[in-house]
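**Q** A single structure is presented below for examination.
No value in this document is a laboratory result; all are computed from the given coordinates. None of these values were measured; they are calculated from a predicted model. Cβ placement follows ideal geometry from the backbone for every residue including glycine, while neighbour counts extend to all protein chains displayed.
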Amino acid sequence: MICPKCGKEIEEGKLYCEFCGEEIKIVPDFDPEIENSITQILSDVADEAIEWQSKKNAEAESDTSDTDEDSDEDNRLRKEFLTKNLKAVGIMGAIFIVLILAFGLLWFFLDYRYTNYEYQLDKAGKHVSKGELREAAETYRHIIELKGHDSLATYYLANVNLAMGDEESALLLYKEVVADDSAEIDLRYNSCKSTVDLYVARGNYKALSDFLMAVGDNDITNSFQEYKCSEPDFSYDEGTYEEIIPLKLSSKSGGDIYYTVDGSTPTTESETYSSPIFLESGDHVVSAFTLNSYGVESRIVSKKYHIDADVPLTPEVLTYSGDYTSPTLIEVEVFEGTRVFYTTDGTDPTSSSMEYKGPIHMPLGKSEYRFITYNELGECGEITSRNYNLNIKTNVSIEAAQKAIVDGMIEINKIYDADGRSMEIYGRYLYLYQYVTNIDNAGDFYIIAEIMEDENGVRTRTGALFAVGLYDGKRYRLGLDEKNDYVFFEF
């Protein structure tokens, strides 16, 4: 059998040419003997018809006396002619039916293969394995046309197009599979990964981010979060508020957030978000965008806020002036968006004074505290003053408490004299009173701090603290547990 495309000899019964891959359409040949038989039968029928017609004409010219004999002869000849003709027609009809059936079966076989999904998919795979990419692509397109839509064939076609260097067509086909919710999850994931790889190879991270953001957050894109660039989320919706709000910005994809609060367009030269933005009384337009690690910028998001809040600028000191006979904490309420500063020497505080960070231990004896509040605009209110007199009747003086700690340090060889000199450092250790306090379930204590003083007189806290009982003079080393509560240790 000869291949109609390449002309090479191939084995009988082969459906494809093993040399060029051409599909072989098999058409059964006529049997020469049958063909000769048909020709002979038709020739005999024609000869007999001519002979019969000649006899009939001759008999018509003969004597009328022979009419009866001629009539009998005519009937005999007519029967012989009809019998032979019927046999010939029967043979020809049978042959025709056989040919029709043969052609029908062949057509059914060829059409079945042409429209069978598994056969065509296998055929395309064989083309790919042989490196016949164009034939494979044509077969995959044929499969898609047959089914109207097929994600598997589309994915394979994308792979073939990519192998042939047609990246744009491959991208479109991969995206088509990713967008197909009816496709298997693994097929969609592989298509998504191929799309990501193509964009990364091109360095087109902006298009990659747009693609992933369009797909959304799901099992398909979760592995590629690093390439996304989500626009900033605002912790407060835009609108009117009757209090200062701490606006927080965040991005699901991570990255740096740049923002402005005056309505101007933010750039990478704008403020970088790192902590809540306190919006005070007035009108604000906050605009922000995200910049991911690949240099991709998100869409700019802007929100408008109107804040109508009266910020109290006068400090509210919760511990009132007066006489006290037990350890007491001085507490101040600090309003959101403000900072409180204070002095202890009777001078007026400023923003350069000590900042209130938490409760203050009231010192022994008389003291005067002055407090002032500043908002984020640098505006300050009136000064609030408090006068205290803490008078505790103790059995142990401050000096005795300090000496008790010094003696303890000498006993454990931390220092070798009352001046605090030590073999460990150039300088000395000082043990100085800090404040009195009540420690839950333990009583009232002097708190003594260890301070290192170098040869130049510079003092540095070591962080070590000690406690001496106000009434019994017992001394302890202090530590803090996981709850930040005091823990006592014996010397």
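**Q** Are any of the pairs K123/K175; K366/K393; K193/K228; K228/K248; K357/K393 more than 18 Å apart by Cα-Cα distance, and if so, which?
**A** Long pairs (Cα-Cα over 18 Å): K123/K175; K228/K248; K357/K393.
**Q** Turning to a different aspect of this structure: Taking 0.36 nm per intervening residue step and subtracting the Cα-Cα distance, what contour gain separates Y324 from T267 on full extension?
**A** Working: separation 57, 0.36 × 57 = 20.52 nm, distance 5.70 nm.
Once the chain is fully extended between Y324 and T267, it gains 14.8 nm.
**Q** Students often check this: by mean Cβ neighbours within 10 Å, which of 400-410, 476-486, 148-158, 384-394 ranks highest, and how do the rest follow? Spell out each step's value before the answer.
**A** Details: 400-410: 18.2, 476-486: 11.7, 148-158: 19.7, 384-394: 15.5.
Packing order, densest peptide first, comes out as 148-158, 400-410, 384-394, 476-486.
**Q** Another question, then. Kindly state, to the nearest 0.05, the FRET efficiency for S274 paired with M164, given R0 = 51 Å and r defined as their beta-carbon distance. Can you show the working numbers first?
**A** On the way: r = 50 Å, r/R0 = 0.98.
Here the calculated transfer efficiency is 0.55.
**Q** Please give, to one decimal in nm, the separation of the simple spin-label points placed at E336 and T460, each 7 Å out from Cα toward the Cβ.
**A** 4.0
**Q** Multiply the residue gap between E399 and Y416 by 0.36 nm, knock off their C-alpha separation, and tell me the result in nm, one decimal place.
**A** 4.2 nm is the gain from fully extending E399 to Y416.
**Q** Compute the signed sum of charges (Lys and Arg +1, Asp and Glu -1) over the other residues within less than 12 Å, Cβ to Cβ, of R370.
**A** For residues surrounding R370, the net value is -3.
**Q** Calculate the spin-label point distance for H306 paired with I95, positioning each point 7 Å from the Cα along the beta-carbon direction, and give it in nanometres.
**A** 10.2
**Q** Looking at the range 253-313, which GluC sites (Glu not before Pro) are in a loop (DSSP not H, G, I, E or B) and have at most 12 other Cβ atoms within 10 Å?
**A** Values: sites: E269, E271, E280, E297; in loops: E269, E280.
Of the GluC sites (Glu not before Pro), the ones in loops of the range 253-313 whose Cβ has at most 12 other Cβ atoms within 10 Å are E269.
**Q** Sticking with this structure for a sec: What is the range 213-294's relative contact order, in percent, from Cα pairs under 8 angstrom and six or more apart in sequence?
**A** About 33 percent, as a whole number.
**Q** Which residues in the range 436-478 have a backbone N closer than 19 Å to a point placed 7 Å from the Cα of Y426 along the Cα-to-Cβ line?
**A** Flagged as within label range: 452-461.
**Q** Describe numerically, in nm with one decimal, the distance between label points set 7 Å from Cα along Cα→Cβ at D181 and at E243.
**A** About 4.1 nm, to one decimal.
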